[in-house]
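What follows is a short report on a single structure.
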Amino acid sequence: MKLAGATYMDIHKAGGGIGFTVGHTRNSSEQELETLLLPRLQRMLQCGTTLVEGKSGYGLDCETEMKLLRVLHNARSKSKIEIVSTYLGAHSIPKGKNVTEYTHEVINEHIPILKELISNGISVENIDVFCEKGVFEIDDTRKILQAGKNIGLEINFHGDELNPMKAAELGGELSALAISHLEHISDEGIQSMLIRPTFAVLLPTTAYILRLTPPPARKMIEAGVPVVIATDYNPNAHCLSMPFVMNLACVLMRMSLNEALVASTLNAAGSLKKSDKYGSLSKSKFGDFVVIAAPKWEHIVYQLVDPPILHVYKKGIRVYTNPNIIF
């Protein structure tokens, strides 16, 4: 449908997209979901990623959303990658409910059970909402994010992606840790993101696949907003490679190589409140780094599709060697 010209919301309304994935997710066991997750985390590791944010969001009912968060938690002990978990129960409106009903359910059913889940040792750090026209608009987004903040979650949400929603302004109001997408951020929104400041998590794969105008990375960087880039790995954007995302960021969003590197490392760690231990090589931080089979680091971005990553190190220990590179 996308190749034929259908928009994201066209597919959504036709029962595809999130709705299609939700059906399969609800019918899958935790073991089945973990079996799908672990090889994908390993592929991310092979592409140089050592810290990742994982979201729920494909259950749209309390039981399945909590199941997804348990899967992410349990994967922490089975993968070399550090995982930060985000609750995204408000990713869409489930079939048979309207936004008022589902907002009430998220606030009064999901979030209390989520609080209990966390008290029982399941790690969940952030709350997310898909703030979008025809899905969760500003007032409902504010209510859900505030409810999550009230139980100690950081705010890290979708905003200003398909339509200008004043999501960045809302992020400033609520002191959000991060906002993702931001293709339609306003000048006022950029200023609002400087208050905390709030990290701008830009996702060039989304603009590429959905044929959207990319977010104004240059304008945000020049204003002083801390910019992050990420894969946005999901059924709509099946990308596990940060080197490819760095290339897209440079080409589509006119970021420099150095800006793409910082956005993928130090700023990315900061957007997950992990920059004290991740994101750069310095005293008191973990020794997470890659060794490349190339004369300059820029070849990670330059060698399109097949980056020359020879070794990946996690906390100073080699956790992956590319068997196809002789150096």
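The values are calculated or read from the model by the stated rules, or taken from the named source; none is laboratory data. All of these numbers come straight from a predicted model, not from anything done at the bench. Because the Cβ atoms are built from the backbone with ideal geometry, glycine has one as well, and the counts that use them run over all protein chains shown. The area values use the complete protein model at the heavy-atom level, side chains included, leaving out ligands, DNA and RNA. Shrake-Rupley method; radii C 1.70, N 1.55, O 1.52, S 1.80 Å.
How high is the FRET efficiency between Asn163 and Ile113 when r is their beta carbon distance and R₀ equals 35 Å, given to the nearest 0.05?
0.65
Kindly report the accessible area of the range 45-99 per residue (heavy atoms of protein chains, probe 1.4 Å, no ligands, DNA or RNA), in Å².
Numbers: 1900 Å² over 55 residues.
Here the per-residue accessible area is 35 Å².
Work out the FRET efficiency for Val99 and Ile151 from their Cβ-Cβ distance, taking R0 = 25 Å, and round it to the nearest 0.05.
That gives a FRET efficiency of 0.70.
Rounded to the nearest 500, what is the 222 nm mean residue ellipticity of the chain from helices alone, with -39500 (n - 2.57) per DSSP H run of 4+ residues and division by all residues?
Computed mean residue ellipticity for the chain: -11000 deg cm²/dmol.
For a quick check of understanding: with a 1.4 angstrom probe and all protein chains in place, what accessible area in square angstrom does Ser284 have, to the nearest ten?
Roughly 80 Å² of Ser284 is accessible to a 1.4 Å probe.
Does a label point 7 Å from the Cα of Lys315, set along Cα-to-beta-carbon, have any residues of the range 271-303 with amide nitrogen under 11 Å, and which are they?
From the range 271-303, the list is 286-287.
How much of the accessible area of the range 175-327, in percent, comes from carbon and sulfur atoms when a 1.4 Å probe is used?
Of all accessible area on the range 175-327, carbon and sulfur atoms account for 57 percent.
If you take the charge dipole of the range 191-327 about its Cα centre, with +1 on Lys and Arg Cβ and -1 on Asp and Glu Cβ, which of Ser284, Ala223, Met242 is farthest toward its positive end?
Highest projection toward the positive end goes to Ser284.
Give the residue from His158, Leu210, Leu310 lying farthest towards the positive end of the charge dipole for the chain; charges sit on Cβ (+1 for Lys and Arg, -1 for Asp and Glu) and the dipole is referred to the Cα centre.
Of the candidates, Leu310 comes out farthest on the positive side.
Excluding residues on the same chain fewer than 8 positions from Lys285, give the lysines whose Cα lies under 18 Å from its Cα.
Lys80, Lys273, Lys274, Lys277, Lys314, Lys315
Only bridges whose two residues both fall in the chain count here: according to DSSP, what percent of them are antiparallel, nearest 5?
Taking every DSSP beta bridge within the chain, about 30 percent pair in antiparallel fashion.
Let's see if you can work this out: charge +1 on each Lys and Arg Cβ, -1 on each Asp and Glu Cβ, no other charges. What is the dipole magnitude of the range 71-195 about its Cα centre, in debye to the nearest 20? Let's see the in-between values first.
Working: 11 positive and 19 negative charges, 118 e Å.
I would put it at about 560 debye.
Tell me, what is the FRET efficiency for Ser186 and Arg254 to the nearest 0.05, using R0 = 25 angstrom and their Cβ-Cβ distance as r? All intermediate terms of the calculation are to be shown ahead of the outcome.
Values: r = 20 Å, r/R0 = 0.78.
Calculated value: 0.80.
Heavy atoms only, probe 1.4 angstrom, no DNA, RNA or ligands counted: give me Lys283, Lys296, Lys219 ranked by accessible area, highest first.
Result of the area sort, largest leading: Lys283, Lys296, Lys219.
Roughly speaking, to the nearest percent, how much of the range 23-160's 1.4 Å accessible area is carbon and sulfur?
Summing carbon and sulfur atoms, their accessible area is 48 percent of the total for the range 23-160.
On average, how much accessible surface per residue is there in the range 237-296, in Å², for a 1.4 Å probe, leaving out ligands, DNA and RNA?
Heavy-atom accessible area per residue stands at 49 Å².
With +1 assigned to the C-beta of every Lys and Arg and -1 to the C-beta of every Asp and Glu, and no other charges, what is the dipole magnitude of the chain about the Cα centre in debye, to the nearest 20?
With Lys and Arg at +1 and Asp and Glu at -1, about 1040 debye.
Wrap a convex hull around the Cα atoms of the chain, take a quarter of its surface area, and give that in square nanometres.
For the chain, the mean projected area of the Cα convex hull comes to 16.3 nm².
Counting only protein chains, not ligands or nucleic acids, how are His110, His184, His299 ordered by accessible area (probe 1.4 Å), most first?
So the residues, ranked largest to smallest area, are His184, His299, His110.
Once you put a point 7 Å from the Cα of Gln303 and another 7 Å from the Cα of Leu194, both along the Cβ direction, what distance in nm separates them?
Each label point lies 7 Å from its Cα, and together they span 4.1 nm.
By how many nm would the segment from Ala294 to Glu30 grow when fully extended, if each residue of separation counts as 0.36 nm and the alpha-carbon distance is taken off?
Full extension of this stretch gives 91.0 nm more.
By the gyration tensor of its Cα atoms, with a ≥ b ≥ c the square roots of the eigenvalues, what is the shape of the range 1-152: rounded for a/c under 1.5, prolate for a/b over b/c, or oblate?
oblate
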